[in-house]
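The values are calculated or read from the model by the stated rules, or taken from the named source; none is laboratory data. The structure presented is a predicted model; accordingly, all values stated were derived computationally and were not measured. Ideal geometry is used to build each Cβ from the backbone, glycine not excepted, and the neighbour counts take in all protein chains shown.
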Amino acid sequence: MHAGTLIVGASQAGLQLAVSLRDAGETGPITLIGEEPHVPYQRPPLSKAYLQGSTELEQLWLRAPEFLAGNDISLVTGERIETIELTDGGPSGSARTASGRVLTFDRLALTVGARPRRLEAPGADLDGVTYLRTADDATALRDLQSDAESVVVVGGGFIGLEAAAVARAQGKSVTVVEAADRLIGRAVAPVVSEFYRAAHARRGVEIRVGTRVTGLAGENRVAAVELSDGTRIPADLVIVGIGVVPRSKLAHQLGLDYDGGILVDRFARTSNPTVVAAGDCTVQPNPLTGRGQVRLESVQNAISQAKAAAATLAGRSEPNDAVPWFWSDQYNLKLQIAGLSTGHDHYVVRGDIEGEAFSVLYYREGGLLAVDAVNTPGDYMAVRKALTQGATISAEAAADSAVALKDLIVPQTIGA
Amino acid sequence: MPKVVFITLDGAQRVVDAHAGESVMAAAVRNGVPGIIGECGGNCSCATCHVYVADEFSEGVGGPGDMEDDLLDLGVADRRANSRLSCQIPMTEDLDGLTVHIPEEQ
């Protein structure tokens, strides 16, 4: 090998893949290419500490440039791959960047990520209508936010609610508009959605669920948001957080199977087993059950899947079977999620919802699936540990908030 | 810049420059210190940046907060009296030379 491994996409998954591949003993060249002009950095703080202005980008670097150089990982920033092709079906091939640079490779990994879904409404291209995905987005937004008075957040998911929390903490008038009938509907149960609605309302945020944005009004710069229920909300800043769309162009060029994301198996192999993919751009079997198809947008998944991909490239078979986990910081509320609650038929609430310290354990047919923990890290960690060990916590026992969950972890009864 | 000394199980030392104000975990991860993972980016959510603080620094560093305390109980490696999550230790000039031991597993 001389052209080495090309990793397209220089964020959490791509960086991890490069580092893990080197750790696995790979001695050939590793090239990590990304279109942003920055050293790979952590994205989650962009909608939290970075947006508040309490962190600089350098503090978010995933690895220092010196570390990458010292490990012989070539980082190419500010270049976007436009076309890519395999020689005789792979694994080798070549890629061309938007600026015309050609990179040949012996092996290819796609960690191309996702882009924010665009708001489709008249006036969506007005100045002051912003998105939050990259460091440059966040830098622009924090500058705009410092002068704004009335902020409308479109989308009541994690990104939107975190951005709303930051704006509210800065004393702005904030309204969140969500088209579905509850907040964070894709990730948590109704009881948690309702908690967050109330928690934001208590802190002075206006929450409007079940209504859509029909238009944005203003000369050049946005001045108001118009809703499907006829309301018009004055706004000098609009933050759109309505989900992401996986980047698919290169996968399509390569003829890879694609269904709402690049289809991969537990070993991060695409439908062309010589090409691996990891992170937000992929759809994979549920890591806990090995069945179904899930697309996970998280740091944990990017890291776990990238490790599986690196192992595959190194000739080892190490499936991504890590327990998925997520977090969201809003105000003084720390939400930690372990497992995947989709398909639950029962849940148990522990702790004090009004007091803003509680957890919800999810079950299906008596088996523990997941936890959503608000300001209760012990409950989060206990469930995560149980799921990691293939153990469980009985729903009946968990209902007693006075008993620590860590003392209730028991082996799973097979076939029960 | 204050320095942090990481000591691995086999006794090897890694000395890393930290920015004042950043966490011990952040300095370790950015410089690729093996055995400090910090998956959650310093969010007190993963317990993968567990360290044992050397005795002479235990007073300066102090003990864990409530959230950290819960996570330490459930981490992979043995919890000891000097266990901390390194994401919860902000570096200061006063802590220059801080020495921590990395556990066998995270």
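Listed values, structure above:
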| item | result |
| --- | --- |
| Spans of helices (runs of 4 or more DSSP H) in region A:30-148 with at least 3 residues within 14 Å of chain B (Cβ to nearest Cβ) | A:65-70 |
| Meets criteria (farther than 30 Å from residue A:171 by Cα, among the small types (Gly, Ala, Ser), outside any helix (DSSP H, G or I) and modelled with pLDDT of 95 or more) for residue A:317 | yes |
| Members of region A:325-356 that are surrounded by fewer than 19 Cβ atoms within 10 Å (Cβ to Cβ) and farther than 24 Å from residue A:300 by Cα | A:345, A:346, A:349, A:351, A:352, A:353, A:354, A:355, A:356 |
| Residue under evaluation residue A:246, criteria (1) in contact with a Cys (Cβ under 9 Å, 6 or more places away or on another chain); (2) surrounded by fewer than 18 Cβ atoms within 10 Å (Cβ to Cβ), criterion not met | (2) |
| Index of the failed condition, residue A:280 passing every other in (1) more than 24 Å from residue A:363 (Cα to Cα); (2) out of contact with any Leu (no Cβ under 6 Å at 6 or more places or on another chain); (3) buried (at least 24 other Cβ atoms within 10 Å of the Cβ); (4) within 14 Å of chain B (Cβ to nearest Cβ) | (4) |
| Residue list for region A:383-416, filter: buried (at least 22 other Cβ atoms within 10 Å of the Cβ) and either in a helix (DSSP H, G or I) or more than 14 Å from chain B (Cβ to nearest Cβ) (or both) | A:383, A:384, A:386, A:387, A:392, A:398, A:405 |
| Of all residues making up region A:331-342, the number that are farther than 18 Å from residue A:362 by Cβ and within 13 Å of chain B (Cβ to nearest Cβ) | 3 |
| Flag for residue A:216 being in contact (Cβ under 8 Å) with a residue 60 or more places away in the chain, in a strand (DSSP E or B) and either in the same structural domain as residue A:30 (by TED's automatic domain parsing) or closer than 30 Å to residue A:346 by Cβ (or both) | no |
| Helices (runs of 4 or more DSSP H) completely within region B:1-93 that count 3 or more residues being away from chain A (no Cβ under 12 Å) and without any contact (Cβ under 8 Å) to a residue 60 or more places away in the chain | B:55-61 |
| Matching residues, region A:1-24, being over 20 Å from the mean Cα position of the chain (by Cα), away from chain B (no Cβ under 14 Å) and in a loop (DSSP other than H, G, I, E, B) | A:1, A:2, A:3, A:4 |
| First in region A:280-307 and hydroxyl-bearing (Ser, Thr, Tyr), second anywhere and assigned to a helix (DSSP H, G or I), Cβ under 8 Å, 6 or more apart | A:282/A:305 |
| Total residues in region A:363-382, condition more than 21 Å from the chain's Cα centre (by Cα) and surrounded by 21 or more Cβ atoms within 10 Å (Cβ to Cβ) | 4 |
| Per-region count, region B:30-42, residues out of contact with any Ser or Thr (no Cβ under 8 Å at 6 or more places or on another chain) and over 18 Å from residue B:53 (Cβ atoms) | 4 |
| Tally of residues being touching an Asp or Glu at 6+ places or on another chain (Cβ under 9 Å) and farther than 22 Å from residue B:32 by Cα across region B:48-62 | 1 |
| Candidates A:199, A:179, A:217 - the one that is closer than 28 Å to residue A:352 by Cβ, at pLDDT 95 or above, touching a strand residue (DSSP E or B) at 6+ places or on another chain (Cβ under 9 Å) and small (Gly, Ala, Ser) | A:199 |
| Lone unmet requirement of (1) buried (at least 18 other Cβ atoms within 10 Å of the Cβ); (2) farther than 24 Å from residue A:141 by Cβ; (3) of a type in the set (A, V, I, L, M, F, W, C) for residue A:199 | (2) |
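Residue-wise test of (1) in the same structural domain as residue A:165 (by TED's automatic domain parsing); (2) of a type outside the set (Ser, Thr, Tyr); (3) without any contact (Cβ under 8 Å) to a residue 24 or more places away in the chain; (4) under 16 Å from residue A:16 (Cβ atoms).
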site: A:30; (1), (2), (3), (4): no, yes, no, yes
site: A:39; (1), (2), (3), (4): no, yes, no, yes
site: A:43; (1), (2), (3), (4): no, yes, no, yes
site: A:57; (1), (2), (3), (4): no, yes, no, no
site: A:60; (1), (2), (3), (4): no, yes, no, yes
site: A:70; (1), (2), (3), (4): no, yes, yes, no
site: A:75; (1), (2), (3), (4): no, yes, no, yes
site: A:89; (1), (2), (3), (4): no, yes, no, no
